[in-house]
Amino acid sequence: MNGMDAPDLSKEPYAIAEQVSPLIRRVLAHNPSPFSYTGTQTYIVGTGEVAVIDPGPLGDDPAHVEALIRILEGEKIVAIMCTHTHRDHSPAAAPLAAATGAPVIGCAPLVLEDDGPRADASFDATYAPDRILADGEGVSGPGWTLMAVATPGHTSNHLCFALPQEKALFSGDHVMGWSTSVVSPPDGDMAAYMRSLALLMDRDDEVYYAAHGAPIENPRRLVRGMMGHRKQREGQILRLLDAGVGHIPDMVGSMYKGVDKRLHPAAGRSVLAHLIDLRDRGEVTGAGEDWARVA
């Protein structure tokens, strides 16, 4: 999460297919926001027989689904693939599948059950995959293969998809160039997120295509920087606790001074995720919005 300036949306190519590599086309959904940047990027992999990755939001405007159907006229969708089930990623899977007969393949469905404040308001409860991919399982078409890479953390059901023919990785919301990913408990898990980042460091992908923002052309450097950033945030939290600042909104106000205040509630969720991780490691105590160092 950062304070990047807002993009000029008037210049964004909504509802058209852009060829971003020999095997990949990008179609941008018109759902820009402080959380989704210019919008959700749907990727089409292959030609003739294709996979559609992160079909996007639905809402009250069917224009994105209509654009995908128009763009893919005369081609066969062999898989509609979702990295995770936040509502800006997977809701369009159902109408696209109904219109084309294509199967929905990818991450597992996710419905949270907890006794605290509901944390699944942004999840797509209608998502019903025909096939769930485990880590290392894949889908293929003429000249392309997509392999699932399990990357829990942002959500417990998050998958990335590797395209070995181009040494590319569709990184969903796990790694984005324009912003760090929000990790929101109880489903978001900071320890899992850090393990998933470390997993990517062991891979040899040369480019990431995130669901939001520009392609990432030096991905391992970015991932290394993101891991360092999270360690810096952890250090900030510990120093604030040492100074007697243990109320999450006060911590966010100190830690995210340059960030759009509309993003502060989401930042607070990531701070909470850090605190839960620190509590699990025996370094802090607390719950909810009030925390302290372990003496």
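Restricting the stretch 75-115 to residues that are part of a loop (DSSP other than H, G, I, E, B) and aliphatic (A, V, I, L, M) leaves a set whose member that is farthest from PRO57 (Cα to Cα) is LEU112. The residue that is surrounded by the most Cβ atoms within 10 Å (Cβ to Cβ), counting only those in the stretch 185-218 that are closer than 14 Å to LEU169 by Cβ and touching an Asp or Glu at 6+ places or on another chain (Cβ under 6 Å), is ALA211. Comparison of ASP88, ASP54 shows that the only residue that is more than 16 Å from PHE161 (Cβ to Cβ), surrounded by 23 or more Cβ atoms within 10 Å (Cβ to Cβ) and in contact (Cβ under 8 Å) with a residue 24 or more places away in the chain is ASP88.
Each residue in the stretch 16-39 was checked for being touching an Asp or Glu at 6+ places or on another chain (Cβ under 7 Å), hydroxyl-bearing (Ser, Thr, Tyr) and either modelled with pLDDT under 95 or under 18 Å from ALA98 (Cβ atoms) (or both), and 2 pass. Would you be able to say whether some residue in the stretch 231-238 is under 28 Å from TYR43 (Cα atoms), in contact with a strand residue (DSSP E or B) (Cβ under 8 Å, 6 or more places away or on another chain) and free of Cβ contacts under 8 Å to residues at least 60 places away in the same chain? No, the stretch 231-238 contains no residue that is under 28 Å from TYR43 (Cα atoms), in contact with a strand residue (DSSP E or B) (Cβ under 8 Å, 6 or more places away or on another chain) and free of Cβ contacts under 8 Å to residues at least 60 places away in the same chain. Within this structure, LEU241 passes the test of being more than 30 Å from ARG25 (Cα to Cα), more than 20 Å from the chain's Cα centre (by Cα) and crowded, with 21+ Cβ neighbours inside 10 Å. I'd like the residue in the stretch 239-257 that is part of a loop (DSSP other than H, G, I, E, B) and either charged (D, E, K, R) or at pLDDT below 95 (or both) and, out of all such residues, is nearest to PRO185 (Cα to Cα). By that ranking, first place goes to TYR256.
So for the stretch 277-288 (the condition being over 23 Å from the mean Cα position of the chain (by Cα), among the aliphatic types (A, V, I, L, M) and either surrounded by fewer than 15 Cβ atoms within 10 Å (Cβ to Cβ) or outside any helix (DSSP H, G or I) (or both)), does at least one residue qualify? Within the stretch 277-288 (the criterion being over 23 Å from the mean Cα position of the chain (by Cα), among the aliphatic types (A, V, I, L, M) and either surrounded by fewer than 15 Cβ atoms within 10 Å (Cβ to Cβ) or outside any helix (DSSP H, G or I) (or both)), the answer is yes, since at least one residue qualifies.
Scanning the stretch 251-295 for residues that are free of Cβ contacts under 8 Å to residues at least 40 places away in the same chain, of a type in the set (D, E, K, R) and either under 17 Å from LYS231 (Cα atoms) or touching a Ser or Thr at 6+ places or on another chain (Cβ under 6 Å) (or both) yields ARG279, ARG281.
Against the criterion of being assigned to a strand (DSSP E or B) and surrounded by 22 or more Cβ atoms within 10 Å (Cβ to Cβ), VAL20 does not qualify. For the stretch 178-225, residues that are among the small types (Gly, Ala, Ser) and assigned to a loop (DSSP other than H, G, I, E, B) total 7.
Which of the following residues is closer than 28 Å to HIS158 by Cα, in contact with a Lys or Arg (Cβ under 8 Å, 6 or more places away or on another chain) and of a type outside the set (A, V, I, L, M, F, W, C): HIS229, HIS212, HIS264, HIS274? The match here is HIS274. With respect to GLY59, determine if the residue is out of contact with any strand residue (DSSP E or B) (no Cβ under 8 Å at 6 or more places or on another chain), free of Cβ contacts under 8 Å to residues at least 12 places away in the same chain and part of a loop (DSSP other than H, G, I, E, B). No. Could you check ILE77 against (1) surrounded by fewer than 16 Cβ atoms within 10 Å (Cβ to Cβ); (2) in contact with a helix residue (DSSP H, G or I) (Cβ under 7 Å, 6 or more places away or on another chain) and say which number it fails? Failing condition for ILE77: (1).
The values are calculated or read from the model by the stated rules, or taken from the named source; none is laboratory data. Please read these numbers as outputs of a predicted model, since none were measured by experiment. Every residue, glycine among them, receives a Cβ derived from its backbone with ideal geometry; neighbour counts consider all protein chains shown.
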